[in-house]
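First comes the structure, then the notes that go with it.
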Amino acid sequence: MIHKIKLFIIISVFAISFHSAQATNDQETERSLLIDELIQEHGFDEQYVLNIFDNMKFLPELIESISRPAERTKTWPEYKKIFVTNKRIAAGVLFARQHEEIIDRAANEMGIPKKILLGILGVETYFGRIQGNYKVVDSLYTLATGYPPRSKFFRSELINLFYLCREEGFSILDIKGSYAGAMGAPQFISSSYRNYAVDGNSDGKIDLFNSWDDVLMSIGNYLNKNGWDTSGSIYSRYPIDELKTSNLASKTIKPMSTIQDLIDEGIKIDGFEKDAIAQVIQLDGLGVKDDSYIGHHNFYVITTYNRNVMYALVVIQLGEAIDSYLD
């Protein structure tokens with residue numbers, strides 16, 4: 001029996017070592033491919049690229065973080081308590097009063113409600129206070145080479161980071177952000193920074209780390225370019241009893257139903273075109289006194305910023321709470 005146990009332990013250790021070695025080999029292969037692509041296909045200087053890769057770090061703890069985000073592990077009440085708090089609301093009211101002019105300009109020029117701009121900024125970084133402490137290049141390198149489910153996405157973002165730093169004159173080894181590589185007060189990923197960020201104060205730079213003009217105009221531009229309808233609705237509240245039996249309830253970020261579908265289920269909803277998007281939002285952990293929600297077109301535009309319905313809800317409700325204190 002003892003010999004069998006020893007044999008089992010030896011086999012287990014060998015298996016773990018084999019898989020670890022395999023993972024390391026895969027990462028080294030991907031590292032080499034990335035270096036070659038950046039130099040050969042994208043035209044970056046060889047010595048520059050090699051120096052960056054020599055100074056990158058693989059951070060295994062990020063794999064655990066991205067595998068268990070709050071959106072997947074918490075119920076709606078638990079998730080809401082993180083973001084819609086008295087302290088965060090008060091911080092938002094203060095921020096809104098201090099930056100009223102640029103908030104108004106971003107809302108007017110981009111066609112986005114002030115409460116949504118404030119909600120996103122409050123949820124993402126507590127109005128710029130918490131922008132992340134990881135080197136973005138380390139985060140993207142780790143996830144590109146060590147997280148197979150989304151390695152293609154993070155590989156692309158790492159390449160975009162190289163372009164972004166060349167275009168904006170950033171030092172790639174100095175930029176810090178979230179464990180997933182999002183950066184600045186609005187937490188833009190590299191491709192979003194390049195495609196949606198704008199120079200809000202016309203100073204010739206796009207600085208999402210320090211310039212509130214650039215930050216707020218960029219959030220507005222992102223939502224605008226992703227289909228925000230200035231005459232559209234965001235969501236509707238209902239007592240839980242009115243929606244809890246709906247067969248159309250879903251957590252999907254791709255709405256599958258229309259106003260007519262809800263009417264056919266017996267849900268009373270007026271003031272919309274019959275073919276307009278309308279999705280009953282499925283939420284875990286609701287109590288008997290909680291509200292239920294129907295998401296409309298603009299609700300799902302918010303989910304393009306972070307692909308989760310609970311995220312969209314806390315953005316809206318934090319923004320509404322802040323807005324209720326403003327003149």
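The values are calculated or read from the model by the stated rules, or taken from the named source; none is laboratory data. From a predicted model like this one, the values you see are computed outputs, not experimental measurements. Cβ coordinates were reconstructed from backbone atoms using ideal geometry, including for glycine residues, and neighbour counts include every protein chain displayed.
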If we keep just the residues of the stretch 124-142 that are in contact with a Leu (Cβ under 6 Å, 6 or more places away or on another chain) and farther than 18 Å from Cys165 by Cα, which is surrounded by the most Cβ atoms within 10 Å (Cβ to Cβ)? Thr142
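Residue-by-condition table, conditions (1) surrounded by fewer than 15 Cβ atoms within 10 Å (Cβ to Cβ); (2) more than 24 Å from Ser231 (Cβ to Cβ); (3) assigned by the TED database to the domain that holds Gly184:
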position	(1), (2), (3)
Ala90	yes, yes, no
Leu94	yes, yes, no
Arg97	yes, yes, no
Glu101	yes, yes, no
Ala106	no, no, no
Pro113	no, no, no
Ile116	no, no, no
Gly122	no, yes, no
Note on the stretch 186-210: residues touching a Ser or Thr at 6+ places or on another chain (Cβ under 8 Å), surrounded by fewer than 23 Cβ atoms within 10 Å (Cβ to Cβ) and of a type outside the set (A, V, I, L, M) are Ser191, Tyr196, Asn201, Asp203, Lys205
Within the stretch 201-238, restricting to residues that are in contact with an Asp or Glu (Cβ under 7 Å, 6 or more places away or on another chain) and not assigned by the TED database to the domain that holds Gln187, the one that is farthest from Lys268 (Cα to Cα) is Arg237
Which one of Ile240, Ile259, Ile267 is at pLDDT 95 or above and more than 23 Å from the chain's Cα centre (by Cα)? Ile259
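Evaluate the stretch 251-261: report whether one residue or more is outside any loop (DSSP other than H, G, I, E, B), in contact with a helix residue (DSSP H, G or I) (Cβ under 9 Å, 6 or more places away or on another chain), assigned by the TED database to the domain that holds Ile112 and not β-branched (Val, Ile, Thr).
There is no residue in the stretch 251-261 that is outside any loop (DSSP other than H, G, I, E, B), in contact with a helix residue (DSSP H, G or I) (Cβ under 9 Å, 6 or more places away or on another chain), assigned by the TED database to the domain that holds Ile112 and not β-branched (Val, Ile, Thr).
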What is the one condition in (1) surrounded by fewer than 20 Cβ atoms within 10 Å (Cβ to Cβ); (2) outside any loop (DSSP other than H, G, I, E, B) that Thr245 does not satisfy? (2)
Single match in Arg31, Arg97, Arg72 (criterion: at pLDDT below 95 and within 30 Å of Tyr305 (Cβ to Cβ)): Arg72
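So if I check each of Asp203, Asp229, which one is touching a His at 6+ places or on another chain (Cβ under 6 Å) and not in a helix (DSSP H, G or I)? Break it down stepwise before answering.
Numbers: Asp203 fails: touching a His at 6+ places or on another chain (Cβ under 6 Å).
Every option except Asp229 fails the conditions.
Counting only residues that are polar (S, T, N, Q) and touching a strand residue (DSSP E or B) at 6+ places or on another chain (Cβ under 9 Å), which one in the stretch 277-327 is surrounded by the fewest Cβ atoms within 10 Å (Cβ to Cβ)?
Gln282
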